[in-house]
Amino acid sequence: MSILNRIKFDGLQSRDWIIFKYPSESIVLGSTLVVNEGQVALFVKGGQVFDAFPAGTYVLSTYNLPLLGSIVNFVYGGKTPFTAEIFFINLTSKLDLYWGTSDPIQLIDPKYFVKLRIRAFGQLALRIDDYMLFFREIIGGMNKNEIVQYEKVHDYFRGMLVTYIKTELANKIIRDKISALEISTELQNLSLSLKKLVTEEFDHYGFSLMNFHIQSINFPDEDFEQINDILADRAKFEIMGDNRYVTQRSFDVYETAANNQSGVAGALFAGGVGIGAGQLMADSMHQQVQPMTNNSNHMICPSCHGNISSNSKFCSLCGTTIVKTTIPCSSCQTENQENSKFCSGCGKNLQKPICTCGTELSLDSKFCHNCGVKTN
């Protein structure tokens, strides 16, 4: 093994390195050590760091290697060869580290109630501030290859990053009820909150997190199409108004039924009675579109003022819930309309009796609740 006279590492052209182990371990006092700007050199023997050299040029001697000299017996005028590992560590900032969620975050959109598969991508920048802590916590647990790239160290933190990002995104959408379509407006706030969380984790290993950005949050096109359909229906409703929108939806339902070869409508058309079935559908739609004659079988919707069946629970034109007040007959239990004076089932008088004291009584009252007089 040749003895080193000049020890230096000029880095990589790509600058994509974080630590370099000098290939030779045979050193002699008097050798020159050159440490470039943005580097620090560590002398390691037996797995223990003995000395560190910042940027500069050094002639190795017992003066600048006091700790190492305490375990190496330098004789022969200080020219005795000795073995030690020399590690160069990159202290410059690494600005182009990219991250992304490998698998999607599955959530229910709080606004459109559609299941979405959300992915996030971004960029971060790191720099080693405490190289002794970094060497002890990270490199001590890695195979000491001649060179370690930033990507290798980045892999150590990838799982932690993805966990934090998924949790924070889910919390933001669910807790603050922010739709996935609106989450892009929160990228800056999310980046700041995530940077704070991730910074604490990197600090444990000697790193300083210089920057952290979420560049995009997206989801598959097929998930977006579901929301597009909802938005399109909502736009039609706003433009057309309640009645015309419901009418169009009715046409859509009948058209779907007519095209359904396995359904009743399909069977009718296939059996040669398509004209009659079509006429029935047209008549039914005509009844929905044209005003109905006001009679005892129909009533006016309180919302859209359309004519609907008197026994409707919901308006067939606008979908409003129909709340009807009826008067039950105490004799035959027939339900009568609110303004009925006599029961339509047995003819009993449904008008509320008046006590001699002037108090209005319910139909089933036996005594006046005001004066106690017995009623007829």
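The values are calculated or read from the model by the stated rules, or taken from the named source; none is laboratory data. All figures in this text were calculated on a predicted structure; none of them were measured in a lab. Cβ atoms come from the backbone with ideal geometry, glycine included; neighbour counts cover every protein chain shown. Surface accessibility is based on the protein's heavy atoms, side chains included, excluding ligands, DNA and RNA. Shrake-Rupley method; radii C 1.70, N 1.55, O 1.52, S 1.80 Å.
Taking θ as phi - 60° and the Karplus parameters 6.51, -1.76 and 1.60, the scalar couplings of segment 119-129 work out to 10, 9, 9, x, 9, 9, 10, 10, 8, 7, 9 Hz in sequence order, x denoting glycine and proline. Computed over all pairs of different Cα atoms, the Kirkwood value for the hydrodynamic radius of segment 178-218 is 11.2 Å. Taken one residue at a time, the phi angles of segment 99-107 give Karplus couplings (6.51, -1.76, 1.60, θ = phi - 60°) of 9, x, 7, 5, 10, x, 8, 9, 9 Hz. Gly and Pro are set to x. For Ile19, the residues 5 or more places off, or on other chains, whose built amide H falls under 5 Å of its own are Asn90, Val148.
With one equal scatterer per alpha carbon and no solvent term, the Debye-computed log10 I(q)/I(0) for segment 103-192 at 0.16, 0.17 1/Å reads -0.75, -0.80. Only protein heavy atoms count here; under a 1.4 Å probe, Glu137 has an accessible surface of about 90 Å². The simple Förster model, with R0 at 45 Å and r as the Cβ-Cβ distance, assigns Ser61 and Met160 a FRET efficiency of 0.55.
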